[in-house]
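Okay, structure first, notes after.
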Amino acid sequence: MSKEIQPASHKPRIAIAGATGRVGATLTGLLVSDPVDITVLTRRPDAAQPRKGASIAAIDFDQPHTLLNALRGADRLFVSHGTSPRQVANEIALIVAAVAAGVRHIVKLSAMGPASRLNPFAWHMQIEAHLAQQPVASTVLRPSVFVDVLKRSAGQIAAGSWAGAAGEGRVNFIDTRDVADVARVALLEEFSSESQRAYHLTGPRAWTMRQIAEQLSTLLGQPVAYNHRSPEQQRAALLADGLPPLVADLLVGLDQAYRESVLGETTSTVEVLTGKPPRTLQQWLVENIEIFRNKT
């Protein structure tokens with residue numbers, strides 16, 4: 001049974017930071033059908049896609065007053081930020097502005113994982129620690145790895161193999177649509193002023209890369225293999241492909257988390273909150289299989 005969403009005593013105004021991201025875009029599309037007012041916060045209002053029922057507010061993280069002005073009158077805030085060296089500073093700036101503007105509930109998109117030196121996990125830990133100290137209700141969404149990350153290897157998979165440093169570690173991937181469904185519930189559910197919640201979100205089961213290769217082989221009708229590399233070999237290969245050192249380090253760190261199965265946990269949270277089981281990895285692969293076909 002899904003978590004019951006109680007009607008608010010007034011029409012909530014929800015501000016969304018990160019509405020162009022994979023979760024944020026889907027979330028915005030869901031909320032426009034709800035009895036809420038939506039304000040999309042964006043650094044590029046000229047490029048923002050207008051949505052019926054949603055207003056647009058321009059922000060500039062280097063000008064804190066723009067954050068405060070954009071958030072005035074909002075009851076609830078969804079915070080999502082692309083992985084970036086500025087992520088900690090920018091998300092904390094949003095939280096500070098939200099508290100000053102009188103926002104009553106902040107829902108932050110974070111990441112599952114243990115205490116870690118690895119980014120972006122360590123960045124999320126810093127932001128969560130700051131949010132926990134603020135006089136505002138909060139809900140932290142901690143999803144496992146987005147299954148979309150497999151798209152990064154689409155070209156290699158189409159050629160018959162891809163490689164990484166994940167070893168035989170288990171990973172429980174999650175569909176970003178399920179994260180958006182939970183974010184909607186979190187933003188609409190009732191909360192007290194002292195509320196501090198955290199939801200761990202996963203797909204229905206964990207996979208090794210070898211098992212994913214087997215699924216791809218079946219769907220593509222041709223062999224697909226996952227080849228193992230050491231972390232050093234993987235970093236060198238990513239740099240040789242032209243990736244910036246920061247991105248290479250993030251991806252090697254993600255492989256370390258895979259290898260140690262620290263993202264292999266399975267929870268029932270998605271189904272408990274939404275009333276629907278999380279989408280399966282096989283379902284996502286079927287829907288996106290053309291990405292992995294060799295077009296030549």
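The values are calculated or read from the model by the stated rules, or taken from the named source; none is laboratory data. These numbers come from a predicted model, not from an experiment. Backbone-built Cβ (ideal geometry, glycine too); neighbour counts: all protein chains shown.
The listed residues are GLY82, GLY73, and the only one of them that is in contact (Cβ under 8 Å) with a residue 40 or more places away in the chain, touching a Gly at 6+ places or on another chain (Cβ under 9 Å) and over 22 Å from ARG104 (Cα atoms) turns out to be GLY82.
From the list LEU77, LEU94, LEU68, the lone residue that is assigned to a helix (DSSP H, G or I), within 22 Å of the chain's Cα centre (by Cα) and on the phi < 0 side of the Ramachandran plot is LEU94. Please state which one of ASP62, ASP34 is more than 25 Å from LEU188 (Cβ to Cβ), modelled with pLDDT of 90 or more and not in a helix (DSSP H, G or I). Checking each option against the conditions leaves just ASP62. If I filter the range 184-206 for residues that are over 29 Å from VAL96 (Cβ atoms) and of a type in the set (Gly, Ala, Ser), do I get at least one hit? Yes, there is a match, as at least one residue in the range 184-206 is over 29 Å from VAL96 (Cβ atoms) and of a type in the set (Gly, Ala, Ser). In the range 111-122, the residue that is surrounded by the most Cβ atoms within 10 Å (Cβ to Cβ) out of those that are without any contact (Cβ under 8 Å) to a residue 40 or more places away in the chain and either touching a strand residue (DSSP E or B) at 6+ places or on another chain (Cβ under 7 Å) or part of a helix (DSSP H, G or I) (or both) is ALA111. Among the numbered conditions (1) part of a loop (DSSP other than H, G, I, E, B); (2) over 22 Å from ILE291 (Cβ atoms); (3) within 17 Å of the chain's Cα centre (by Cα), the only one that GLY203 does not meet is (2). Every condition in (1) more than 22 Å from ARG259 (Cα to Cα); (2) modelled with pLDDT of 95 or more; (3) of a type outside the set (Asp, Glu) holds for SER195 except the one numbered (2).
Is it the case that ARG72 is in contact with a helix residue (DSSP H, G or I) (Cβ under 9 Å, 6 or more places away or on another chain), more than 23 Å from ASP175 (Cα to Cα) and basic (Lys, Arg)?
Criteria met by ARG72.
Among the residues of the range 126-152, those identified as under 18 Å from LEU27 (Cα atoms) and part of a strand (DSSP E or B) are SER138, THR139, VAL140, LEU141, ARG142, PRO143, PHE146.
Among the numbered conditions (1) crowded, with 23+ Cβ neighbours inside 10 Å; (2) more than 26 Å from THR66 (Cα to Cα); (3) hydroxyl-bearing (Ser, Thr, Tyr); (4) touching a Lys or Arg at 6+ places or on another chain (Cβ under 8 Å), the only one that THR176 does not meet is (1). Restricting attention to the range 123-135, the residues being touching a residue at least 12 places away in the same chain (Cβ under 8 Å), within 21 Å of SER192 (Cα to Cα) and either surrounded by fewer than 21 Cβ atoms within 10 Å (Cβ to Cβ) or touching a Cys at 6+ places or on another chain (Cβ under 8 Å) (or both) number 5.
Among the conditions (1) crowded, with 17+ Cβ neighbours inside 10 Å; (2) at pLDDT below 90; (3) not in a loop (DSSP other than H, G, I, E, B), the only one that ALA19 does not satisfy is (3). Would you confirm whether any residue within the range 129-139 is in contact with a Leu (Cβ under 7 Å, 6 or more places away or on another chain) and either among the acidic types (Asp, Glu) or at pLDDT 95 or above (or both)? Yes. You will find that of PRO45, PRO85, the residue that is surrounded by fewer than 24 Cβ atoms within 10 Å (Cβ to Cβ), within 28 Å of PRO245 (Cβ to Cβ) and out of contact with any Phe, Trp or Tyr (no Cβ under 8 Å at 6 or more places or on another chain) is PRO85 and no other.
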